[in-house]
Amino acid sequence: MSGPIYYGAELVRRVLTWQLVNEAVEEALKAVAAQSRNAPQLPYVVSQPMRSVTIAGTERSQLLFTMPAYVGNYRLSAAGASGDAGNATRSTLACKLVTSFRSNQELQPPLPSIAANILLFNAGTGELDAIMSGTDITTWRTAAASVVATKYLYFGRFNAAISELPIKVAIIGCGTQGEIHAVAMCANFKVEQLLLYNRTATRAQQLADKLCNMTNLQHTPEIVVCNSAREAVRDANVICVATFSREPLFNACDLGSKRGLHINAVGAGEVAFGEVATDVYQQSEVFVDSLANAEHELNGFPVSIAGEVGGVINKDYKPEPTSMTLFQSMGMASEDACVAEAVRSALLTIDS
């Protein structure tokens, strides 16, 4: 047999769209939740062992993650397939190898903190079919998980269509994930105001300038650079927190009296939930991507978890309209597997 196909970053970027990535991530979330509930009426089959972590040095700032997953009997219609092919079920066996080196941001020139490659295997024979650059997939699927969580945990409470309901979005942390979250929110929702905060103010201003010059956003909001996280979250309906902070950046009292607030917490500090204050968690309905991962990785988590986002999508549960919801994002190998499969399908459609 010929060797595995390599899909580099430029090829991957050719086909990445929010429609493609959102759908693949939503399918992964639904599949994992169905597996958690042992729901026989849903067709999904998922095997997603705990990720392994190798510390590359003396501190936990340099890490290698190994993330295998099998997702069976799921559907992708946005990956370039047409007709019956777009409705056919598929199965994916994959493993992502990802490094997280925080110090890369301090290099001159700076390098991405996250670097990843995804191995795609033949689900029937186990042979290695493809190696795919996974850095952009990791970045996009993390933001897509927040988009899907926002869609169901925030917009899902209201009768109005997403396109009709304007929101104010706070972005806390303006690094790689802060930027992609800002783009994702503006590309998928009617964002009327974007409130940016970063510990280094110049970085927030740089992101503001970059967003002002983007022409591919569905909505171009008013962009405000804030002096503190507390200022940024005060008037926001949706908050995305993406930092390495070990300390809380805002408390419950900083959120004002708004009802129906939603928070996406995606930071990757030494304590996964350190960037949001305990009293915010205590006043929120907290959802995760995977309960099994949460039990393994969120040691010392301050509150009980209401459920999985996929369970809300599968109509197992619906948040109260007036509640504050929080999506504690950890990232799942099943998301990477489904997005990588969608990317490969889209590339094959282009080449055919």
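The values are calculated or read from the model by the stated rules, or taken from the named source; none is laboratory data. Because the structure is predicted, anything quoted here is derived from the model rather than measured. We place every Cβ from the backbone using ideal geometry, glycine too, and count neighbours over all the protein chains shown. Note: accessible area is taken over every heavy atom of the protein model, side chains too, but ligands, DNA and RNA are not part of it. Shrake-Rupley method; radii C 1.70, N 1.55, O 1.52, S 1.80 Å.
Using only alpha carbons, segment 27-67 has a radius of gyration to Kirkwood radius ratio (Rg to Rh) of 1.25.
Heavy-atom accessible surface of the chain, averaged per residue, reaches 44 Å², computed with a 1.4 Å probe. Roughly how far apart, in whole Å, are the Cα centres of segment 157-175 and segment 109-128? Computed from Cα coordinates, the inter-centre distance equals 32 Å. The number of Lys pairs in the chain with C-alpha atoms less than 23 Å apart, excluding pairs fewer than 8 positions apart on the same chain, is 17.
Where both bridge residues fall in the chain, DSSP classifies roughly 50% of the beta bridges as antiparallel.
Where only DSSP H runs of four or more residues are counted, the chain gives -9000 deg cm²/dmol as its mean residue ellipticity at 222 nm, each run worth -39500 (n - 2.57).
Farthest toward the dipole's positive end in the chain, which of Met132, Leu97, Phe301, given Cβ charges of +1 (Lys, Arg) and -1 (Asp, Glu) about the Cα centre? It is Phe301. Read through the labelled values (i) 51, 46, 32; (ii) 60, 50, 42; (iii) 61, 49, 38 and report the label of the one computed as Cα extents along the principal axes in Å from the structure. The value computed from this structure is option (ii). Per atom type, the chain shows carbon and sulfur on 49% of its accessible surface, probed at 1.4 Å. Its residues counted as N, segment 301-352 yields a C-alpha radius of gyration over 2.2 N^0.38 Å of 1.68.
For segment 1-142, the convex hull drawn through the C-alpha positions has a volume of 148 cubic angstrom per residue.
In segment 144-261, one over the average inverse separation of all distinct C-alpha pairs is 14.3 Å, which is the Kirkwood hydrodynamic radius.
Gyration tensor analysis over the Cα atoms of segment 263-352 returns equivalent ellipsoid semi-axes of 30, 17, 11 Å (largest first, whole Å). With each label modelled as a point 7 angstrom along the Cα→C-beta vector, the Thr202-His296 pair spans 4.1 nm.
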